[in-house]
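> Below is a structure I'd like to ask you about.
Values quoted throughout were computed directly from the atomic coordinates according to the rules given, and no laboratory measurement underlies them. Not measured: the values here are computed from a predicted model. Neighbour counts run over all protein chains shown; Cβ positions are idealised from the backbone, glycine included.
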Amino acid sequence: MWSFIHKHASPKHFYLLAERLIPWLGWSTLILLVVGLYQGLIVAPTDYQQGESYRIIYVHVPAAWMSMFIYMVMATSGAIGLVWKIKMADAVASSSAPIGAAFTLLALVTGSLWGKPMWGTWWVWDARLTSELILLFLYLGFIALESAIEDRRTAANACAVLALVGVVNIPIIHYSVEWWNTLHQGATVTRFDKPAMATSMLIPLLIMALGFKLYYLYAMLLRVRVKILESEKDTTWMKELITGAKK
Amino acid sequence: MKNASLSNAFFTMLKRDLTLALRTRSEIANPLLFFIIVVSLFPLAVSPEESLLRTMAPGIIWVAALLATMLSLDSIFRSDFEDGSLEQMLLSPQPIALLVLGKIMAHWLVSGLPLILIAPILGISLFLPGEAMFALLATLALGTPVLSLVGSIGVALTVGLRRGGVLLSLLVLPLYIPVLIFASNAIATAAAGISIKGQLYFLAALFALAVTLAPMATAAALRISLR
Amino acid sequence: MASEYSAKQILEVQSLSCTREDRDLFSGLSFTLTPGHALQIEGPNGSGKTTILRLLCGLRLPDEGDILWNGQSIFEDRAEYLSNLAYIGHAHGVKGELTPLENLQVSQAMSAVESPISADEALEKLGLFGFEDAPSRTLSAGQRRRVALARLMLNPVPLWILDEPFTAIDIHGQKQIENMITEHVLRGGMAILTSHHPLDLSDDHLTSLNLAK
């Protein structure tokens, strides 16, 4: 079991595995996103309350899901790198951060775009939007800390500690913000999470969510590969791989 | 091997940091002055109107307390890092988390406690009603230790960096949000004459969580930063 | 001379490698240190002397290789190893706002061993009699280093790791500290130091390691 993990966690195997997976992930992401967007923007029925503008949930909701998911991935792989000193886990954590931050920003921007027709303003201190904003701060803190530390291994471990502290805090922050929101805005006009969603509206959402997840894997593996190229450039296997490819 | 050296090590560390702080008094005075000045900026910036200041008072005082703590955090580890004492601490066979806890407690006594003592006066200057005074003191007493504890993790992560100051606030301020929300809300609720038991329990829970986890996280972060 | 420390203790360094910013500082470094021996590490600036010492303290992690204390990796059983170790680095950790006496009291409380002598006596041995109660920042650099070295007298541990112990110290003091180190080694202690200062020890007791490429 251990030797299996260590074999696949070695930079060489990870690099070759990523090379094989990336095209598959890229194409299936593209297909899912095209199908999901077509279904969501054209096929799905119009909402009787919100009209057409509800359709932004097909981007907003999966992006918000991903923003949480990626932070969890970062904390988990950071912890693995910290405890078992697996280099690839560190690479996964640090490659995920900018992608997670981008999804969080996307969730914020789409939330604000949705807010204009719904609430009449670009920004409302709604619980979900506020939580996303704080999550964005956590991502930016992670990225800033990583870029401030020169030594790569130290940076990875320091960021892992930060991500773990963040993970303990996220539920607390989330709960606090929810609670704060119910106090100050008891009657928000409409909320994103509708109690019951028609199946015809739900299916495109799930397709989009899967598409976003695959896109994350695709982008993350691309970034990890670049990191491996950088850090392993002096190893023999990398030199053989590069010169071999040229022949 | 010596006996009872655990509590001895903890109290020695606490006493050492308190002595150091007392000998460089600006460490105590500066954050306190900062706290007072920030609070007194608000009536100037917003309006001296009584009803407005009264509603804003809990938030103003707590935001100022947050910033004042932030400003003083660096002193937990910075000078020890520069003169090699931090290395010596990490090389001590005593549990690092315990020594760290001693240092954090000293930091709170030096920077948190004075804030609590001066807060009622600031409350009066912002027309905070008498009923809310207990809430102000109780939330500060429960909340400021959490700020020191959580902040110490951030300092430990940035202590080796040349320009860690701004980065520290970026790392730590988002983590302070739950304390800010519950504490300032408790004060406002108390001012309205409603019981604030729930908020105080929540702050106490945060304190319990922070006091158990933060020293360990800080110790781990210090080991990483000093490599 | 009768040994004061356990004769069974052994420090083993196994094929240690260290890179800094993509540059190999050293690789495949191996040696063993047993009681009654000193290791003097020499090399030009930037050759990684301090890095080795920090590795040996367990402050830094090696890129490859391991360091064993009595057969146990120092990165696993940290507390056991640290209670046998005294390190005086380039930044020696003497607090300027505390007096020499207070500085020593702190390090005494952090140590795991019983002191054979009082902090006052330790300071006197290092020639700091009369300076116990002055704030350390008013002392000269050499005197502050002596305060740091007084820790070695106060907490008798077998393994001393010293980074340039003679820096800023006058000729008379250098002789004194040299004697301190040789006595420690001859009593069955171990010492690892970086310095170009010759030590008055026979080849049986002294090994030197040159990091020059």
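> Among the helices of chain B (complete DSSP H runs), which have Cα atoms covering no less than 27 Å along the helix axis and a Kyte-Doolittle mean of at least -1.0?
Answer set is B:26-45, B:50-73, B:131-158, B:165-191, B:197-225.
> Further question: With 5 Å bins from zero, work out the P(r) of region C:1-100 over every alpha carbon pair and list the percent per bin.
Per 5 Å bin, starting at 0, the Cα pair percentages come out as 2, 10, 20, 22, 18, 13, 8, 5, 1, 0.
> Taking the simple approach of a point 7 Å from Cα along Cα-to-Cβ for both B:Ala29 and A:Val168, what is their distance in nm?
So the two model labels end up 3.6 nm from each other.
> While we're here: With an 8 Å Cα cut-off and a minimum separation of 6 or more residues, compute the relative contact order for chain B in percent.
The value is 27 percent.
> What residue among B:Ile187, B:Ile196, B:Ile61 has the largest mean-square fluctuation in a Gaussian network model of chain B, using Cα springs under 10 Å?
Ranking B:Ile187, B:Ile196, B:Ile61 by mean-square fluctuation puts B:Ile196 first.
> Just to be sure I understand the model, the point goes 7 Å from the Cα along the line to the Cβ. What's the resulting A:Thr243 to B:Thr55 distance in nm?
7.5 nm
> For chain C, what's the relative contact order in percent, using C-alpha pairs closer than 8 Å and at least 6 residues apart? Don't skip to the end; give the middle numbers.
Working: 387 pairs, mean separation 65.6, N = 213.
This gives 31 percent for chain C.
> Charges only on Cβ, +1 for Lys and Arg, -1 for Asp and Glu: so what's the dipole of chain C about the Cα centre, in debye to the nearest 20?
Charge dipole, chain C, about its Cα centre: 360 debye, nearest 20.
> Within region C:149-163, name every residue whose backbone N is under 20 Å away from a label modeled 7 Å from Cα of C:Ala134 along the Cβ vector.
Zone members listed by number: C:149-151.
> Still on this structure, please answer the following. If each residue of separation counts as 0.36 nm, what is the full-extension length gain between A:Thr236 and A:Met72 once their alpha-carbon separation is subtracted?
Values: separation 164, 0.36 × 164 = 59.04 nm, distance 3.45 nm.
Value of the extension gain: 55.6 nm.
> Which percent, nearest 5, of DSSP beta bridges in chain C are antiparallel?
Bridges in chain C that DSSP calls antiparallel: roughly 40 percent.
> Sketch the reach of a paramagnetic label on C:Leu199 as a point 7 Å from Cα along Cα-to-Cβ, and name the residues of region C:168-182 whose backbone nitrogen lies under 17 Å away.
Answer for region C:168-182: C:174-182.
> Considering only C-alpha atoms, what is the centroid distance from region C:152-201 to region B:106-150, in Å?
51 Å
> Okay, moving on. For region B:2-225, restrict the atom set to alpha-carbon positions and state the Rg and Dmax in Å.
18.0, 63
> Continuing with this model, one more query. Between B:Leu44 and C:Glu64, what is the label-to-label distance in nm when each label sits 7 Å out along the Cα-to-Cβ direction?
Distance between the two pseudo-spin positions: 6.3 nm.
> Another question, if that's okay. I'd like the FRET efficiency for C:Glu42 and A:Ser28, computed as 1/(1 + (r/R0)^6) with the beta carbon distance as r and R0 of 60 Å, rounded to 0.05.
Calculated value: 0.50.
> Now, a different point. What number comes out for the charge environment of C:Ser15, summing +1 per Lys or Arg and -1 per Asp or Glu over other residues with Cβ under 13 Å away?
Local charge sum for C:Ser15: -4.
> A further question on this structure: If r is the Cβ-Cβ distance from B:Ile124 to B:Val211 and R0 is 35 Å, what FRET efficiency results, to the nearest 0.05? The partial results should precede the final answer.
Numbers: r = 31 Å, r/R0 = 0.89.
Rounded to the nearest 0.05, the efficiency is 0.65.
> For a label point 7 angstrom out from the Cα of B:Arg227 toward its Cβ, which stretches of region A:206-246 have the backbone nitrogen within less than 16 Å?
Residues passing the 16 Å test: A:231-232.
> Where does helix A:87-119 land angle-wise versus the long Cα axis of chain A, in degrees 0 to 90, nearest 10?
20 degrees
> May I pose another question? Over all distinct alpha-carbon pairs, what is the Kirkwood Rh of region A:51-228 in angstrom?
17.3 Å
> Could you sort out which of C:Lys49/C:Lys125; B:Lys15/C:Lys95; A:Lys12/C:Lys49; A:Lys87/A:Lys239; C:Lys95/C:Lys125; A:Lys87/A:Lys233 sit more than 25 Å apart by Cα distance in this structure?
Pairs exceeding 25 Å: C:Lys49/C:Lys125; A:Lys12/C:Lys49.
> How much FRET efficiency would the formula 1/(1 + (r/R0)^6) give for A:Lys12 and B:Lys197, where r is the Cβ-Cβ distance and R0 is 60 Å, rounded to 0.05?
Details: r = 59 Å, r/R0 = 0.99.
Between A:Lys12 and B:Lys197 the formula returns 0.50.
> Hey, got the dipole for region B:2-225? About the Cα centre, +1 on K and R Cβ, -1 on D and E Cβ, debye to the nearest 20?
Once rounded to the nearest 20, the dipole reads 420 debye.
> What percent of all Cα-Cα pairs in region C:112-182 falls into each 5 Å bin, going from 0 up to the bin containing the maximum distance?
With 5 Å bins starting at 0, P(r) equals 3, 16, 28, 26, 18, 8, 1.
> How long is the protein assembly as shown along each principal axis, judged by its Cα atoms, biggest number first, in Å?
96, 80, 38
> A follow-up question, please. Between 0 and 90 degrees, rounded to the nearest ten: what's the tilt of helix A:127-148 against the longest Cα principal axis of chain A?
20 degrees
> Between helix A:199-231 and chain A, what is the angle of the helix's C-alpha long axis to the longest principal axis, kept within 0 to 90° and rounded to the nearest 10?
Value to nearest ten degrees: 30.
> DSSP beta bridges in the protein assembly as shown, what fraction antiparallel, as a percent rounded to 5?
Rounded to the nearest five, the antiparallel share is 45 percent.
> In addition: Report relative contact order for region A:51-228 in percent, whole number only (criteria: Cα-Cα under 8 Å, sequence separation at least 6). Write down the numbers at each step before the final one.
Values: 172 pairs, mean separation 57.2, N = 178.
Computed value for region A:51-228: 32 percent relative contact order.
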